[in-house]
Amino acid sequence: MTPRSDVYSFGVVLLELLTGRKSLDKSRPGREQNLTDWALPLLKEKRKLLNIVDPRLEGDYPIKGFQKAAMLAYHCLNRNPKARPLMRDIVDSLEPLQEPEDVPNKKNCVHCD
């Protein structure tokens, strides 16, 4: 185990939080059983990114905050361990997402009228 493998594991946990799915779920169709295999292609394209959102959120989440967290997960899951961010950089990326401006409102809420 290395700090870079810890970063990968953190990326998996972050992906679980964003999608509401388990890292391995045999009850899903074949291509969707492994969370990272299913999500990585969707994380690459911004227009497909919202396809991975946990449906139980029912659109009540800050889109920009979700996008930033999803991109962070994508970087943490890089196949090349040396290309993964350092944990201190991850913390620096997550801290601004706690700011009140990332709370859903009519400007950035998916289902708000």
For the range 3-84, listing GluC sites (Glu not before Pro) in a DSSP loop whose Cβ sees at most 10 other Cβ atoms within 10 Å gives GLU45, GLU58
Among ASN80, GLY65, PRO3 the positive-end extreme of the charge dipole of the range 1-107 (Cβ point charges): ASN80
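Using only alpha carbon pairs under 8 Å that are at least six residues apart, calculate the relative contact order of the chain and give it in whole percent.
Working: 129 pairs, mean separation 37.3, N = 113.
Once normalised by length, the contact order is 33 percent.
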So between MET1 and LEU86, what do we pick up on full extension, going 0.36 nm a residue minus the alpha carbon distance? 29.1 nm
Mind listing which trypsin sites (Lys or Arg not before Pro) in the range 19-93 are in a DSSP loop and have 14 or fewer other Cβ atoms within 10 Å? LYS22, LYS26, LYS44, ARG79
Potential extension, GLU95-ASN78 segment - 0.36 nm per residue separation minus Cα distance: 4.0 nm
May I ask which of LYS44/LYS82; LYS22/LYS48; LYS26/LYS82; LYS22/LYS44; LYS46/LYS82 have a Cα-Cα span longer than 22 Å here? LYS26/LYS82; LYS46/LYS82
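None of the figures in this text is laboratory data; all of them are computed from the coordinates on show. Keep in mind that what you see is a predicted model, and the values were worked out from it rather than measured. No Cβ is skipped: glycine too gets one built from the backbone with ideal geometry, and neighbour counts run over all protein chains shown.
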